[in-house]
Amino acid sequence: MTTPEQWPADGPKLSVDTLEHAAAPTGSAGLHQPWRAAVAGIELVVAVALVLAAWWAWRHGTVTIYLPGPHGGVDVVTRSIGSWLSAAVGAVTLAGLLLLDVIRQLMLAVRTRRR
């Protein structure tokens with residue numbers, strides 16, 4: 001079974017409206033938008049908060065236990081709690097991605113428009 005082609009053999013038929021929109025100049029509207037600096041500042045604050053939260057979670061993720069050992073000695077056991085450690089790693093990863101976006105937002109905020 002064959003399917004019909006979307007366009008005739010001589011190509012699609014373009015209307016006058018389509019041609020007018022195609023001829024309109026498309027500028028770089030995404031560049032030099034100073035409000036992006038505010039977005040970068042907010043993202044920077046969130047990234048710092050995520051790093052602090054990761055540090056807090058990492059400290060909760062390791063527990064030191066002192067057990068009485070043989071012959072009166074003390075055995076030290078360090079226990080890692082995976083949920084806290086994975087939350088810390090996730091928070092630092094998200095903070096790193098936010099820092100990359102901060103750089104991007106700042107570049108878009110200060111880049112000048114060419115004419």
### Among 38-48, 62-72, the order from most to least packed when residues are scored by Cβ within 10 Å on average
38-48, 62-72
### Query
Along the principal axes of its C-alpha atoms, what lengths does region 31-71 span, in descending order and rounded to whole Å?
72, 12, 8
### Query
So how compact is region 33-110: Cα radius of gyration and Dmax in angstrom?
19.8, 71
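Every number here is computed from the coordinates shown, using simple stated rules; none is lab data. Owing to the predicted nature of the structure, the values given are computational and were not obtained by experimental measurement. Ideal geometry is used to build each Cβ from the backbone, glycine not excepted, and the neighbour counts take in all protein chains shown.
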